[in-house]
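Input: a single structure, listed below in structure tokens.
Read-outs throughout are calculated quantities, based only on the coordinates presented, and are distinct from any laboratory measurement. Just so we're clear, the structure is a prediction, and the values are computed from it rather than from any experiment. Cβ atoms come from the backbone with ideal geometry, glycine included; neighbour counts cover every protein chain shown.
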Amino acid sequence: MKSLITGIIGAVSILAMTASTASAEIVCNREGDCWHVKDHGWVRPEHGLIVHPESWKWAEHEHYRWREHEGRGYWHEGRWVEIR
């Protein structure tokens, strides 16, 4: 019985750790397009992007819009630029 409880606690701990690493961040460009990313290690200064935490929200007076897109890349002048 003790080993069963230990196994259950271990499984719950692993689930909790993996759930916390599954967060997303928000990336916005200078044009006001924002989208979610799983990681931002590919972002370079020349992309002109700002990375925000997942909980970030723009202020009421700011003019941003959501433009979600699958894959790794960024919005630039209204088109998606894929990063491989």
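Condition check: on the phi < 0 side of the Ramachandran plot, of a type in the set (Phe, Trp, Tyr), touching a residue at least 24 places away in the same chain (Cβ under 8 Å) and in a strand (DSSP E or B). Does residue 75 satisfy that?
Details: on the phi < 0 side of the Ramachandran plot: yes; of a type in the set (Phe, Trp, Tyr): yes; touching a residue at least 24 places away in the same chain (Cβ under 8 Å): yes; in a strand (DSSP E or B): yes.
Spelling it out, residue 75 is indeed on the phi < 0 side of the Ramachandran plot, of a type in the set (Phe, Trp, Tyr), touching a residue at least 24 places away in the same chain (Cβ under 8 Å) and in a strand (DSSP E or B).
Tell me which residues, restricted to the stretch 59-84, are more than 17 Å from residue 48 (Cα to Cα) and of a type in the set (Asp, Glu).
Of everything in the stretch 59-84, those that are more than 17 Å from residue 48 (Cα to Cα) and of a type in the set (Asp, Glu) turn out to be 60, 62, 68, 70.
Taking the condition of being out of contact with any Lys or Arg (no Cβ under 8 Å at 6 or more places or on another chain), in a loop (DSSP other than H, G, I, E, B) and either more than 16 Å from residue 83 (Cβ to Cβ) or of a type in the set (D, E, K, R) (or both), how many residues in the stretch 24-50 meet it?
So the count comes out to 5.
Might you check whether a residue that is in a strand (DSSP E or B), of a type outside the set (Val, Ile, Thr), closer than 17 Å to residue 83 by Cβ and in contact with a strand residue (DSSP E or B) (Cβ under 6 Å, 6 or more places away or on another chain) occurs anywhere in the stretch 51-64? Quick ask: steps written out before the conclusion?
Residues of the stretch 51-64 in a strand (DSSP E or B): 51-52.
After this cut, where a residue has to be of a type outside the set (Val, Ile, Thr) as well, the list is 52.
With closer than 17 Å to residue 83 by Cβ added as a condition, the list becomes none.
Scanning the stretch 51-64 turns up no residue that is in a strand (DSSP E or B), of a type outside the set (Val, Ile, Thr), closer than 17 Å to residue 83 by Cβ and in contact with a strand residue (DSSP E or B) (Cβ under 6 Å, 6 or more places away or on another chain).
Given the criteria touching a strand residue (DSSP E or B) at 6+ places or on another chain (Cβ under 6 Å) and either of a type in the set (Phe, Trp, Tyr) or closer than 16 Å to residue 78 by Cβ (or both), does residue 42 qualify?
Numbers: touching a strand residue (DSSP E or B) at 6+ places or on another chain (Cβ under 6 Å): no; either of a type in the set (Phe, Trp, Tyr) or closer than 16 Å to residue 78 by Cβ (or both): yes.
So residue 42 does not fit the description; no.
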